[in-house]
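A quick write-up on the structure given underneath.
The values are calculated or read from the model by the stated rules, or taken from the named source; none is laboratory data. If you're wondering where the values come from, they're calculated on a predicted model, not measured in any experiment. Every residue, glycine as well, gets a Cβ built from its backbone with ideal geometry; the counts of neighbours run over all protein chains shown.
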Amino acid sequence: MTQPLWQPTPQRAQNTHMARFIQLVGTELAPDVSDYETLYRFSIDRPEAFWRAVWEFGEVRASVRGERVVDNWPEMPGARWFPDARLNFAENLLRRSDDAAALEFAGEGGTRRSISWRQLNKEVARIATGLRAMGVKPGDRVAGYLPNLPETVIAMLATTSLGAIWSSCSPDFGVRGVIDRFGQIEARVLFAAAAYRYNGKTHDCLNRIAQMLPELPTVEKVVVTAYADNAMDLHGLGDSAVAWDDFAVDDPGPLEFEQLPFDHPIYILYSSGTTGAPKCIVHGAGGTLLQHLKELMLHTDVRKDDRFFYFTTCGWMMWNWLVSGLAVGATPVLYDGSPFHPDGGALWDLTDELDIAILGTSAKWIAACEKAGVKPRESHRLEKLRAILSTGSPLLPESFDYVYRDVKHDVQLSSISGGTDIVSCFALGNPLLPVFKGELQCRGLGMKVEIRNDDGAVVEDETGELTCSEPFPSMPVRFWKDPDGSRYRAAYFEKFPGVWSHGDYARLTPHGGIVIYGRSDATLNPGGVRIGTAEIYRQVEKLDEVLESLCVGQTWEGDVRVVLFVRLRDGVELDDGLVQRIRQTIRDNATPRHVPAKVIAVPDLPRTVSGKITELAVRDVIHGRGVKNTSALSNPDALDHFRGLPELES
């Protein structure tokens, strides 16, 4: 039997939120609940009792909860959660007003700031009063074009305290990418930074904002923070521009929180937009709050006063997830800059400096640390670090080995998976369960996750489509400008009617964990055999010469052949010997079906603005199809490397 890489000691398990919640449920609601397996079954079989228990355990603040937990069960979409409740999202994140640290900020170059709960409440009130003076009201949209700053959190909390809707893009989005997003939602106010820092350089934002504004005609006010540009000149933005401190009201009075329905919108997030204009996904206050409380407290064991870090920009849903740590009384750590500046130790240095308890990052960053020879176990204390989280793409089994060998042997490593679509997770960590190499620890509580084959049948220990067969609170409220819900239904419910189809290719394991093989829409089909691209990446990226890889299926002679693109280390040539080693490594560790027909070196791989390598855009290019929305890419010029390749013509 496979041995776990980690499991909690009895004392560590006993001290978790999850253990306390199991005891509460077993004592008060269901005597048969005594461990995670029975708790998970309870959460699926008795959703009303489960989500009411999460509400009470998370101490949700609301002027009204009401007796009804869900209407129209199990319509999907169509179920409505806590239909009588009235609450405010920001009020639940601003529970504290003491002098402990609410936010810690670290920027490239050593910039550090600490914001107390008392200061945070006051700053939110100052901005909220400024917005209220403009006439911003529930349902209005407020946009942020900002780095991961305290001001971003403040502006979001001020916006949602009024019942307005927050939407953000990070400043590495190009002009067209921002217009494609904010232009759809018709924002009234735009919060922005004058500049940001990345990889040792300062990047101006004011010129980009000046180019955007003519195509964002609904923006009445641009509020600019001087971050990274103390001498900012706003004249180029016209009369609508104002500095942050001039917009904020000096003596705002007590902060007021609009009490609104459970499903009142608070966030608009965006799909990647690589296959067309980004979808504007609307998330509700109560569903986001309840799901995040469940995930942060129970699955991640975030505790009051923990320093909780996720490396993310404000254009990725992990920012929204990170900031919800405030609702637990934890201290989110915000970081602006490159995770490899000045070297691969940057985030490990931060972990030691701020005594971070939970560190979240991407699978690619962990793999890059290993490639760079970074061994924090030898160079850092990591004394308070209890858990490392990874998402963005499947975490390679070798990265599990790296963490336990070279980072910390007694850390809980949780690969997590969900997405922008649900602003949360379908599968994630669990402080009570062992960690097995290559697996996500468990399905999330209250999430009836099942794997289906192409015929729609539920399968066990087989690969197939990751689905969710019952409603959950953080499903999108709707898509923006989708009055009849047709685009929403087409996005998730077309493949298996009445069942959420997430677009991941996955397998449930005998341990109760999940293995994710990549996006199902990028699944390869050579000879009619389904192959997940992550299975190939795992093998190729073992090789020291290969920094990154991208795999697509090319239609060829009535079938599909596997084409592998590799980005190599500086000075390495893709000669016949290396091609043979790549193919042999894949053959030895996967199957002959996985072996690429073509291996081609390219200088760069296209990636979305959130940093994910995009297979679909490359697949379109090599088939001579236009890429519908290159503004969704951070480096669209990289697509040029894939056009007209002679290697693909024979």
TODO: Just give me the residues in region 591-623 being touching a Gly at 6+ places or on another chain (Cβ under 9 Å) and part of a loop (DSSP other than H, G, I, E, B), in sequence order.
DONE: V609, S610, G611, K612
- [ ] Could you check, for region 423-441, whether at least one of its residues is modelled with pLDDT under 95, of a type in the set (D, E, K, R) and either over 17 Å from the mean Cα position of the chain (by Cα) or under 26 Å from Q14 (Cα atoms) (or both)?
- [x] no
Open item on the list: What's the number of the only condition in (1) buried (at least 18 other Cβ atoms within 10 Å of the Cβ); (2) in contact with an Asp or Glu (Cβ under 7 Å, 6 or more places away or on another chain) that V374 fails to meet?
Closed with: (2)
- [ ] Take region 252-291 and flag every residue that is among the small types (G, A, S), at pLDDT below 95 and either buried (at least 23 other Cβ atoms within 10 Å of the Cβ) or under 29 Å from L206 (Cα atoms) (or both).
- [x] S271, S272, G273, G276, A277
Task: Given (1) buried (at least 24 other Cβ atoms within 10 Å of the Cβ); (2) among the hydrophobic types (A, V, I, L, M, F, W, C); (3) over 15 Å from the mean Cα position of the chain (by Cα), number of the condition V458 does not satisfy - done: (1)
Task: Test: I451 is closer than 13 Å to I516 by Cα, at pLDDT 95 or above and either of a type in the set (A, V, I, L, M, F, W, C) or assigned to a loop (DSSP other than H, G, I, E, B) (or both) - done: yes
- [ ] Can you tell me which residue within region 151-182, out of those that are small (G, A, S), within 23 Å of S272 (Cα to Cα) and at pLDDT 95 or above, is surrounded by the fewest Cβ atoms within 10 Å (Cβ to Cβ)?
- [x] S167
Open item on the list: Can you say whether D250 is outside any strand (DSSP E or B), under 27 Å from the mean Cα position of the chain (by Cα) and either of a type in the set (F, W, Y) or closer than 22 Å to T160 by Cα (or both), as far as the supplied structure shows?
Closed with: no
TODO: Report yes if some residue within region 547-568 is charged (D, E, K, R), in contact (Cβ under 8 Å) with a residue 60 or more places away in the chain, under 22 Å from K371 (Cα atoms) and not in a loop (DSSP other than H, G, I, E, B); otherwise report no.
DONE: yes
Task: Exclusive hit being out of contact with any Pro (no Cβ under 8 Å at 6 or more places or on another chain), surrounded by fewer than 19 Cβ atoms within 10 Å (Cβ to Cβ) and closer than 17 Å to A187 by Cβ, set V249, V223, V242 - done: V242
Task: Selection within region 490-528 - surrounded by fewer than 16 Cβ atoms within 10 Å (Cβ to Cβ), on the phi < 0 side of the Ramachandran plot and not in a loop (DSSP other than H, G, I, E, B) - done: A490, D521
- [ ] Being of a type in the set (S, T, Y) and out of contact with any Lys or Arg (no Cβ under 8 Å at 6 or more places or on another chain) is the filter; apply it to region 183-221 and report the residue that is farthest from C169 (Cα to Cα).
- [x] T202
TODO: Test V599 against the stated conditions and say whether it is at pLDDT 95 or above and either under 18 Å from A534 (Cα atoms) or of a type in the set (F, W, Y) (or both).
DONE: yes
Open item on the list: With the requirement that a residue be part of a loop (DSSP other than H, G, I, E, B), among the acidic types (D, E) and surrounded by 17 or more Cβ atoms within 10 Å (Cβ to Cβ), what does region 529-546 give you?
Closed with: E541
Task: In region 554-585, the residues that are at pLDDT below 90 and either among the hydrophobic types (A, V, I, L, M, F, W, C) or in contact with a helix residue (DSSP H, G or I) (Cβ under 7 Å, 6 or more places away or on another chain) (or both) - done: W556, D559, V560
Open item on the list: Just the residues that are hydroxyl-bearing (S, T, Y) and either closer than 30 Å to F340 by Cβ or crowded, with 20+ Cβ neighbours inside 10 Å (or both), please, taken from region 66-118.
Closed with: T111, S114
- [ ] Hey, could you check region 303-313 for residues that are at negative phi and in a loop (DSSP other than H, G, I, E, B) and say which is surrounded by the fewest Cβ atoms within 10 Å (Cβ to Cβ)?
- [x] K304
TODO: Report, by residue number, each residue of region 220-235 that is touching a Leu at 6+ places or on another chain (Cβ under 8 Å), within 20 Å of A128 (Cα to Cα) and in contact (Cβ under 8 Å) with a residue 40 or more places away in the chain.
DONE: K221, V223, T225
- [ ] Quick one: which strands (runs of 3 or more DSSP E) lie wholly within region 314-415 and hold at least 1 residues that are aromatic (F, W, Y), touching a residue at least 12 places away in the same chain (Cβ under 8 Å) and touching a strand residue (DSSP E or B) at 6+ places or on another chain (Cβ under 8 Å)?
- [x] 331-336
Open item on the list: Suppose we filter region 227-239 for residues that are within 13 Å of D204 (Cβ to Cβ) and surrounded by 11 or more Cβ atoms within 10 Å (Cβ to Cβ); how many remain?
Closed with: 7
Task: Qualifying positions in region 226-239 - in a loop (DSSP other than H, G, I, E, B) and either of a type in the set (A, V, I, L, M) or out of contact with any Pro (no Cβ under 7 Å at 6 or more places or on another chain) (or both) - done: A226, A228, D229, N230, A231, M232, D233, L234, G238, D239
